[in-house]
Structure formats: structure tokens, C-alpha cells
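Trainee: Let me give you the structure first, and then I'll get to my questions.
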């Protein structure tokens, strides 16, 4: 079995205050899939992602990455396979310089210095942040921090890329650059987003969460054409699929 495969079976998570964030979640994601996880605020998206490489432990249920169940004994290996980009970049940036942050993971893998430098350089170039290499992270803008946080994960060469709201805080140019980067990442990728146009553009498959449960799981365009489903889950069609108020055509085809 490929180590790229993710299986989630009967996943439940209850927070200490009694909030049932996840209620019997099950799905399987195979090698090379690009999967968007969408839902209204509070649907359980971020909680779900935090289980995929062990930042949260399930109340019950099972997570497998390839042949390995996610347990304390397999956690280190699974975190090398599953790269996680948090919604808030400050949760990932803690070293004196950008170089140090991006080098942190490769150094902990025991890689030689020249390989670490190569990975840092390539990861920063991929996200358009090579010019930030010597800057302290706390001097960066929100969008710059986001790009560097992504580079800290890319430098680990993960087989599976997991991202929580990757375009939040990015300007239009940085958003386009990130989308191009994600198109070029040919392994498995999973991300949550309120940017449904990005989900439609990058993901063949979408999972809809509603009140901690999987409400739908299928081809992205089919899900986005289901207005009743989206309404029930407090979502709307991507802007490119909505009608122009003047001519009634889809926004992407409108010439008004």
C-alpha cells in the first residue's frame, strides 16, 4: 500500500468543554488526489486537519497513513510523510531568521549542511520568498509569513501536503503564485478553504463538513452545482459560478 494513502474511520473528537467537533467521520484519500474540505465556520474543518498528523488525538476512531495507524510510536514517521501548514503562520515560525525556520525540519532529519541549504533555497524560491531569507519572521507582513510557513513544510519534501486556509492573508498576486505551486505539487494534497473558486480550480474532489459530519463527498463541480446542499451547509456557489446580476450569465463568462 502506498504511504500516500490516508484512511479515516469513525473519527470522533470531543473537546474538554464538551463540544462534539467531529462526529463519526470516515473517508479514504488515495495517492495523487487533490481534495478540498469545505464547510461553514465551526463545521470541524480545522479540527479534522489537526488529526491527520497527530496534533490532536481522536476521542475515538482510527487514522491510517499507508500501512501505519497513527499512534505515538508512528508519529515521527507520519509527520515526515504528512506536511501540515497551519492557518496562522505564527504557529510555525519561531526561529531568529527565515532561514533558520525553513532549515529547522531538514536539520532535524539529520541532513548534511549543503542539502539543508539547497532545500531552504528551493522552498523559498517556490513560494516567492527567497529575498526574505535573512529577515526575522516577526518583521514580515502577514502574507510574507504565510509564504514562509508554507516553505517550512515544502523543505521537508512531504508526500502528503495538508493546508488549513492556505490563501487567507494573501494578496491576489501571492494567491495566484500559491495556486500555481499547488498545481505543480503532484503528490496528495488536502486543504480547507473558504476560497471556493480555488477549491473548484484545484480539486477534483470535495468533502463537505456540516456540524462535525461528512454531509457530502464527491466530484467538486457536482457538489458546487447542488444549491440545496450548499444552502443547508451555510455555503454559497463559487463566485465564478454565480450569475451576473445584469446579464444572468456565470460571472466567468460575463462581458458586462
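Trainee: Please pick out the residue among 113, 142 that is touching a residue at least 40 places away in the same chain (Cβ under 8 Å) and more than 27 Å from residue 6 (Cβ to Cβ). Talk me through it step by step, then tell me what you get.
Mentor: Values: 113 fails: touching a residue at least 40 places away in the same chain (Cβ under 8 Å).
Selected residue: 142, the only one of 113, 142 that is touching a residue at least 40 places away in the same chain (Cβ under 8 Å) and more than 27 Å from residue 6 (Cβ to Cβ).
Trainee: OK, next. Within region 60-74, is even one residue out of contact with any strand residue (DSSP E or B) (no Cβ under 8 Å at 6 or more places or on another chain), buried (at least 18 other Cβ atoms within 10 Å of the Cβ) and farther than 28 Å from residue 218 by Cα?
Mentor: No: zero hits.
Trainee: Does residue 171 fit the bill of being touching a helix residue (DSSP H, G or I) at 6+ places or on another chain (Cβ under 8 Å) and crowded, with 17+ Cβ neighbours inside 10 Å? Show your work before the answer.
Mentor: Details: touching a helix residue (DSSP H, G or I) at 6+ places or on another chain (Cβ under 8 Å): yes; crowded, with 17+ Cβ neighbours inside 10 Å: no.
Spelling it out, it is not the case that residue 171 is touching a helix residue (DSSP H, G or I) at 6+ places or on another chain (Cβ under 8 Å) and crowded, with 17+ Cβ neighbours inside 10 Å.
Trainee: Right, here's the next one. From the list 36, 105, pick out the single residue that is part of a helix (DSSP H, G or I), in contact with a helix residue (DSSP H, G or I) (Cβ under 8 Å, 6 or more places away or on another chain) and surrounded by 13 or more Cβ atoms within 10 Å (Cβ to Cβ).
Mentor: 105
Trainee: Considering only region 39-57, how many residues are farther than 26 Å from residue 197 by Cβ and buried (at least 18 other Cβ atoms within 10 Å of the Cβ)?
Mentor: Filtering region 39-57 down to residues farther than 26 Å from residue 197 by Cβ leaves 51, 53-57.
From the residues that got through so far, the ones that are buried (at least 18 other Cβ atoms within 10 Å of the Cβ) too are 51, 53-54.
Of the residues in that region, 3 qualify.
Trainee: Which residue is surrounded by the most Cβ atoms within 10 Å (Cβ to Cβ), if the candidates are limited to region 113-134 and must be assigned to a loop (DSSP other than H, G, I, E, B) and at pLDDT 95 or above?
Mentor: Of all residues in region 113-134, those assigned to a loop (DSSP other than H, G, I, E, B) come to 127-129, 133-134.
When the remaining residues are screened for being at pLDDT 95 or above, the result is 133-134.
Details: 133: 18, 134: 10.
Restricting to residues being assigned to a loop (DSSP other than H, G, I, E, B) and at pLDDT 95 or above, the top hit is 133.
Trainee: Look through 228, 184 and report the one residue that is out of contact with any strand residue (DSSP E or B) (no Cβ under 9 Å at 6 or more places or on another chain) and closer than 23 Å to residue 6 by Cβ. Lay out the reasoning, then the answer.
Mentor: Working: 228 fails: closer than 23 Å to residue 6 by Cβ.
Exactly one of 228, 184 is out of contact with any strand residue (DSSP E or B) (no Cβ under 9 Å at 6 or more places or on another chain) and closer than 23 Å to residue 6 by Cβ, namely 184.
Trainee: Same structure again: For region 50-102, which positions are over 20 Å from the mean Cα position of the chain (by Cα) and assigned to a helix (DSSP H, G or I)?
Mentor: 98, 99, 100
Trainee: Would region 181-190 turn up any residue that is crowded, with 23+ Cβ neighbours inside 10 Å, at pLDDT 90 or above and closer than 25 Å to residue 42 by Cβ?
Mentor: So far as region 181-190 goes, yes, one or more of its residues are crowded, with 23+ Cβ neighbours inside 10 Å, at pLDDT 90 or above and closer than 25 Å to residue 42 by Cβ.
Trainee: Any residue at all in region 228-237 that is touching a helix residue (DSSP H, G or I) at 6+ places or on another chain (Cβ under 8 Å), modelled with pLDDT of 90 or more, part of a strand (DSSP E or B) and closer than 24 Å to residue 50 by Cβ?
Mentor: Within region 228-237, none of the residues are touching a helix residue (DSSP H, G or I) at 6+ places or on another chain (Cβ under 8 Å), modelled with pLDDT of 90 or more, part of a strand (DSSP E or B) and closer than 24 Å to residue 50 by Cβ.
Trainee: Now a separate question. Working only within region 75-102, note down all residues that are surrounded by 15 or more Cβ atoms within 10 Å (Cβ to Cβ), farther than 23 Å from residue 129 by Cα and touching a strand residue (DSSP E or B) at 6+ places or on another chain (Cβ under 8 Å).
Mentor: 78, 81
The values are calculated or read from the model by the stated rules, or taken from the named source; none is laboratory data. Predicted model, so just to flag it, every value in this text is computed and none were measured. Neighbour counts run over all protein chains shown; Cβ positions are idealised from the backbone, glycine included.
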